[in-house]
């Protein structure tokens with residue numbers, strides 16, 4: 001789950017990473033009492049979970065006399081389709097230089113990797129693409145509590161040595177908050193010191209309970225419903241609903257849909273041993289997606305019983321066309337139940353997918 005900037009900065013501050021003076025406001029008038037502490041110039045940042053918010057008009061600069069009006073203007077905007085309900089207002093820093101620092105997972109080595117660049121800001125991705133050497137990187141064992149000094153020297157190069165402790169604190173945030181990404185872009189030097197001018201923190205969804213987070217805001221309503229009913233669901237942008245049991249079988253179904261020129265509307269894995277109730281909820285969930293024209297059910301019955309699957313499909317009683325391929329435990333009984341209710345059955349995954357792609361067209 002991705003935290004908003006003000007939430008990430010609150011965490012960073014707890015770990016001793018300097019952040020600008022600021023205040024969170026939810027209405028323009030709430031800004032007035034904070035004006036004396038923010039100085040003559042300030043930055044207003046929409047707290048929305050979208051990329052490129054600065055270029056989309058989500059960040060404004062104002063002086064003390066116009067800050068309330070600027071906040072009113074920002075609250076009236078939508079940033080890449082997302083309305084603004086909260087604004088982080090910060091002092092405008094006298095920036096001397098911008099750097100980039102982040103920590104994520106190196107999938108190849110299965111270890112944390114620290115990235116650092118001598119140039120930060122909104123164009124860091126373009127800089128990295130144009131010059132791969134512009135971003136230095138080091139990997140280290142997750143068993144290490146701190147970044148070894150020799151790795152910090154390799155990482156920072158000619159950057160101020162005062163950045164080293166900040167990188168170490170960022171690494172501790174990464175470890176202790178079960179993060180998938182911690183990022184400061186830009187990490188800025190000023191006459192008064194070094195600050196995290198921006199902050200990004202993404203926490204592993206599997207660790208939310210351990211971090212005391214009860215609601216995953218990144219989930220859509222349908223994804224939350226799937227979580228309540230005990231199956232995995234990810235929304236996509238196609239027209240063919242997919243239900244499988246097992247991540248591998250479900251992913252293979254999605255790949256085959258793409259191969260035959262279709263587009264899947266989702267990934268939905270009901271899991272092993274799914275009973276009729278879970279299957280019923282899964283079918284109804286997909287039927288509620290406006291873009292879904294057809295649902296393909298592709299299951300292999302091991303600990304999952306085909307007759308239970310069939311009864312769940314029947315109990316769902318949905319309008320969209322459902323094409324079923326299932327094989328395994330109690331297959332004959334499952335086929336008999338579906339045949340009695342007029343459902344379309346096929347003998348192979350290939351045939352099921354081709355029929356679904358054709359039906360979606």
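The values are calculated or read from the model by the stated rules, or taken from the named source; none is laboratory data. Because the structure is a prediction, the values reported are computed rather than measured. Every residue, glycine as well, gets a Cβ built from its backbone with ideal geometry; the counts of neighbours run over all protein chains shown.
With respect to residue 166, is the statement that it is assigned by TED's automatic domain parsing to the domain that holds residue 303, surrounded by 15 or more Cβ atoms within 10 Å (Cβ to Cβ) and at pLDDT 95 or above true? Here the answer is no, as residue 166 does not meet what is asked. For the stretch 146-161, residues that are assigned to a loop (DSSP other than H, G, I, E, B), at negative phi and in contact (Cβ under 8 Å) with a residue 12 or more places away in the chain total 5. Candidates in the stretch 216-231 are the residues that are in contact (Cβ under 8 Å) with a residue 24 or more places away in the chain and more than 15 Å from the chain's Cα centre (by Cα); of these, the one that is surrounded by the fewest Cβ atoms within 10 Å (Cβ to Cβ) is 230. Just one of (1) over 25 Å from residue 180 (Cβ atoms); (2) assigned to a loop (DSSP other than H, G, I, E, B) fails for residue 55. It is (1). For the stretch 184-208, the set of residues classified as under 17 Å from residue 159 (Cα atoms) and either outside the structural domain of residue 113 (by TED's automatic domain parsing) or assigned to a strand (DSSP E or B) (or both) consists of 184, 185, 186, 187, 188, 189, 190, 193, 194, 195, 196, listed by residue number.
Residue-by-condition table, conditions (1) under 24 Å from residue 330 (Cβ atoms); (2) not in a loop (DSSP other than H, G, I, E, B):
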| position | (1), (2) |
| --- | --- |
| 218 | no, no |
| 222 | no, yes |
| 227 | no, yes |
| 234 | no, yes |
| 253 | yes, yes |
| 261 | no, no |
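Under the condition of being within 20 Å of residue 107 (Cβ to Cβ) and touching a strand residue (DSSP E or B) at 6+ places or on another chain (Cβ under 7 Å), the residues counted in the stretch 130-146 number 8. Of the candidates 296, 346, 283, the single residue that is without any contact (Cβ under 8 Å) to a residue 60 or more places away in the chain and under 16 Å from residue 233 (Cβ atoms) is 283.
Among the residues making up the stretch 337-361, those that are surrounded by fewer than 20 Cβ atoms within 10 Å (Cβ to Cβ) and either closer than 18 Å to residue 271 by Cβ or touching a helix residue (DSSP H, G or I) at 6+ places or on another chain (Cβ under 8 Å) (or both) are 337, 341, 343, 344, 345, 346, 349, 350.
Tallying residues that are within 27 Å of residue 358 (Cβ to Cβ), in contact with a helix residue (DSSP H, G or I) (Cβ under 8 Å, 6 or more places away or on another chain) and assigned to a loop (DSSP other than H, G, I, E, B) within the stretch 275-313 yields 4. Applying the condition of being closer than 22 Å to residue 325 by Cα and surrounded by fewer than 17 Cβ atoms within 10 Å (Cβ to Cβ) to the stretch 237-250 and asking which residue is nearest to the chain's Cα centre (by Cα) yields 247. Looking at 60, 74, just one residue is over 30 Å from residue 180 (Cα atoms), outside the structural domain of residue 167 (by TED's automatic domain parsing) and either in contact with a helix residue (DSSP H, G or I) (Cβ under 7 Å, 6 or more places away or on another chain) or assigned to a helix (DSSP H, G or I) (or both), and that residue is 74.
Summed over the stretch 23-42, the residues that are under 19 Å from residue 191 (Cβ atoms) and part of a strand (DSSP E or B) give a count of 2.
The one condition from (1) at pLDDT below 95; (2) closer than 14 Å to residue 101 by Cα that residue 206 does not meet is (2). For the stretch 19-33, a tally of residues being farther than 10 Å from residue 87 by Cβ and surrounded by fewer than 17 Cβ atoms within 10 Å (Cβ to Cβ) returns 4.
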